[in-house]
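The values are calculated or read from the model by the stated rules, or taken from the named source; none is laboratory data. This structure is a prediction, so every number in the text was calculated from the model and none was measured. Backbone-built Cβ (ideal geometry, glycine too); neighbour counts: all protein chains shown.
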Amino acid sequence: MSNIMRWRSGDTNTIKITVPSDMVVHIGDLVWLPSIARYGVAMQCSPDGNTYPIRVATSGCFEFPAVGEGEYATAKLSPTTTVERTNKRNLSIGKVIHNDGLSVWFNLYDDEPSENLKENIRKLLTNYQYLLQSL
């Protein structure tokens, strides 16, 4: 995936994280942050071999390609980062506020995700490079 700034509006409440040197993170990647048990959106990239801290947004309104139906967004990671729409609040990472048929704008929750969501995220991310180790 190439660097795509997905932030559209709102306070991002960024935090700095260190990415393992063998992991590549692009601007706009949806990443799981186990150290704070929530999702974030990379606001900076981390090329292979880089160990400098990067900023990750933990709240705000973001635009992602989307599939499915529903008023909430949840994680669906594939070779291109997308979100899946759902009607299940307890499995969501944000509330959809705009849908144009190809992408959605959603507000990333800045509250603690449910245990169901955390477990589903762990399962989804186990096989993807976007899983950041506890820092």
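Given the condition surrounded by 17 or more Cβ atoms within 10 Å (Cβ to Cβ), in contact (Cβ under 8 Å) with a residue 24 or more places away in the chain and assigned to a loop (DSSP other than H, G, I, E, B), answer yes or no: does some residue in the range 96-103 qualify?
no
Just one of the numbered conditions (1) closer than 16 Å to Tyr109 by Cα; (2) of a type in the set (S, T, N, Q); (3) more than 10 Å from the chain's Cα centre (by Cα) is not true of Gln44; which one?
The number of the failed condition is (1).
So which residues in the range 45-86 are touching a helix residue (DSSP H, G or I) at 6+ places or on another chain (Cβ under 8 Å) and at pLDDT below 85?
Thr74, Ala75, Lys76, Leu77
Being in contact (Cβ under 8 Å) with a residue 24 or more places away in the chain, surrounded by fewer than 19 Cβ atoms within 10 Å (Cβ to Cβ) and within 25 Å of Ser103 (Cβ to Cβ) is the requirement here; does Ile4 meet it?
Spelling it out, Ile4 is indeed in contact (Cβ under 8 Å) with a residue 24 or more places away in the chain, surrounded by fewer than 19 Cβ atoms within 10 Å (Cβ to Cβ) and within 25 Å of Ser103 (Cβ to Cβ).
If a residue must be crowded, with 19+ Cβ neighbours inside 10 Å and among the aliphatic types (A, V, I, L, M), how many such residues does the range 7-42 contain?
Count: 8.
Against the definition (surrounded by fewer than 18 Cβ atoms within 10 Å (Cβ to Cβ), closer than 20 Å to Trp7 by Cβ and more than 11 Å from the chain's Cα centre (by Cα)), how does Arg89 come out, yes or no?
No.
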